[in-house]
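Colleague: If you scroll down you'll find the structure; I have some questions about it.
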Amino acid sequence: MITRADSPLDEVYVAGGPSSVQLADETAKLLRAKQIRVDHKLFPDGENYFKLTGDEVAHNVFVFQSTYPPQDRHLMQLMLMSNKLMEDGVKVVAVIPYLAYARQHRTFLLGEVVSLRTVARMLASAGIKRVITIDIHNVEGLGFFGIPAHSLSAVPLLADHLIANESMNRPFIVAPDAGASVRADAMATRIKCEFAALEKSRDRVTGETSVRMPQGIDVAGKDVVILDDMISTGGTIAKAAQLAREKGAKGVIAACTHALLAEGAMAKMKEAGIRDLVATNTVPTPYSKVSVAPLIADFIKQL
Ligand code: R5P
């Protein structure tokens, strides 16, 4: 017997939340899935209003809502949409291309809130049955959800874009810290070049970071790609770019999945010698050169 929760793929519906309308639309087209109509407005005092139509016939709905800034508003919007669909008997899968708060996935200083754990509990309590995200900061964070949670990697798509669009002379992939080295390794394998992880230290109170090139690594005359999961203020990439230039790199390109680009990040990175930034559309920006829609669509087809 097929239950509502186990409906076949042709009964997949997509709902595009306010932060991910275009990505939802693109993915729905690839899946040839029907769409739930999402009417949304903000009241003058900042509260959200939603009207969702079409869910009376939908069994499985993939709600697309990235939680880039303003993070809390985007999270609340996801909660409101998901909870409504759950109340109507729908199995809700949340597609959260950029998952906010993922950097605070453990306690670094006494008394700190493990923010991601709270976010994960909130989302599950709204009735979400599964979560799909892209390049979560640390996969450990997936364990907080208590429901199936998946992080897909956009690195192969970023690598393919670089191969096709950037003229790179002796490419070399740099991870700005040890945490980014798995992704850098994956990109280097795809591009067929070498990689290294910089030695980064961060003052946990001030947030100040410093980086060093590991011994024996030579980037002189090479085109360096600095790859990170996200760029916020651009400080990490700027420091890595400066170091690469000091060590004789020919050109420096920044690549990331989530380009949050807070506080004049682009200007800071350009000043440090970045010639280009390649990012995905998990956060829509002028640098969203790579769409994650095919990645999400392929994954949904396999569910
Ligand atoms: C931290 O570990 C992350 O992977 C990024 O390196 C960091 O969030 C980037 O932040 P920012 O651009 O402000 O240096």
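Colleague: Does residue 205 qualify as being surrounded by 22 or more Cβ atoms within 10 Å (Cβ to Cβ), touching a residue at least 40 places away in the same chain (Cβ under 8 Å) and away from the ligand (no atom under 11 Å from the Cβ)?
Modeller: no
Colleague: Same structure again: Give me the residue from the range 257-276 that is assigned to a helix (DSSP H, G or I) and basic (Lys, Arg) and, out of that set, farthest from residue 290 (Cα to Cα).
Modeller: 268
Colleague: I've got another one for you. Is it fair to say residue 254 is open to solvent by less than 10 Å² (accessible area, probe 1.4 Å), assigned to a helix (DSSP H, G or I) and in the same structural domain as residue 172 (by TED's automatic domain parsing)?
Modeller: Details: open to solvent by less than 10 Å² (accessible area, probe 1.4 Å): yes; assigned to a helix (DSSP H, G or I): no; in the same structural domain as residue 172 (by TED's automatic domain parsing): yes.
Answer is no for this residue.
Colleague: Which residue pairs have Cβ atoms under 9 Å apart, sit 6 or more places apart or on different chains, and have a first residue in the range 148-175 that is charged (D, E, K, R) and a second that is in a helix (DSSP H, G or I) and open to solvent by 50 Å² or more (accessible area, probe 1.4 Å)?
Modeller: 160/190
Colleague: Condition first: open to solvent by 70 Å² or more (accessible area, probe 1.4 Å) and not in a helix (DSSP H, G or I). Now tell me which residues in the range 177-198 satisfy that.
Modeller: Within the range 177-198, 192, 194, 195 qualify.
Colleague: Listed residues 116, 110, 162, 152; which is modelled with pLDDT of 95 or more, out of contact with any helix residue (DSSP H, G or I) (no Cβ under 6 Å at 6 or more places or on another chain) and of a type in the set (A, V, I, L, M)?
Modeller: 162
Colleague: Looking only at the range 123-150, how many residues end up being open to solvent by 40 Å² or more (accessible area, probe 1.4 Å) and under 15 Å from residue 300 (Cβ atoms)?
Modeller: 4
Colleague: State yes or no: is residue 211 touching a helix residue (DSSP H, G or I) at 6+ places or on another chain (Cβ under 9 Å) and buried (at least 17 other Cβ atoms within 10 Å of the Cβ)? Before the answer, list the steps.
Modeller: Values: touching a helix residue (DSSP H, G or I) at 6+ places or on another chain (Cβ under 9 Å): yes; buried (at least 17 other Cβ atoms within 10 Å of the Cβ): yes.
Answer is yes for this residue.
Colleague: Going by the structure shown, is residue 264 at positive phi and open to solvent by 30 Å² or more (accessible area, probe 1.4 Å)?
Modeller: yes
Colleague: Next question. Out of the residues in the range 213-238 that are among the charged types (D, E, K, R) and in a loop (DSSP other than H, G, I, E, B), which is nearest to the ligand (Cβ to nearest atom)?
Modeller: Restricting attention to the range 213-238, the residues satisfying the condition of being among the charged types (D, E, K, R) are 218, 222-223, 228-229.
Remaining after also requiring in a loop (DSSP other than H, G, I, E, B): 218, 222.
Working: 218: 23, 222: 22 Å.
The selected residue is 222.
Colleague: Which ones in the range 175-196 are within 12 Å of the ligand (Cβ to nearest atom) and of a type in the set (A, V, I, L, M, F, W, C)?
Modeller: Those that are within 12 Å of the ligand (Cβ to nearest atom) and of a type in the set (A, V, I, L, M, F, W, C): 175, 178, 180, 182, 184.
Colleague: Just checking, does the range 96-119 include any residue being buried (at least 20 other Cβ atoms within 10 Å of the Cβ) and in contact (Cβ under 8 Å) with a residue 60 or more places away in the chain?
Modeller: Yes, the range 96-119 contains at least one residue that is buried (at least 20 other Cβ atoms within 10 Å of the Cβ) and in contact (Cβ under 8 Å) with a residue 60 or more places away in the chain.
Colleague: Could you run through the range 80-123 and say how many residues are over 21 Å from residue 283 (Cβ atoms) and in a loop (DSSP other than H, G, I, E, B)?
Modeller: Summing the residues that are over 21 Å from residue 283 (Cβ atoms) and in a loop (DSSP other than H, G, I, E, B) in the range 80-123 gives 12.
Colleague: Let me ask something additional. Tally time: how many residues in the range 291-303 are open to solvent by less than 10 Å² (accessible area, probe 1.4 Å) and not in a helix (DSSP H, G or I)?
Modeller: 1
Colleague: For the range 84-95, name all the residues that are open to solvent by less than 70 Å² (accessible area, probe 1.4 Å) and among the acidic types (Asp, Glu).
Modeller: Selection gives 88 alone.
The values are calculated or read from the model by the stated rules, or taken from the named source; none is laboratory data. On a predicted model such as this, the values are computed, not experimentally measured, just so you know. So basically every Cβ, Gly included, is an ideal-geometry build from the backbone, and we count neighbours across all protein chains shown. Side chains included, ligands, DNA and RNA excluded: accessible areas come from the protein's heavy atoms. Shrake-Rupley method; radii C 1.70, N 1.55, O 1.52, S 1.80 Å.
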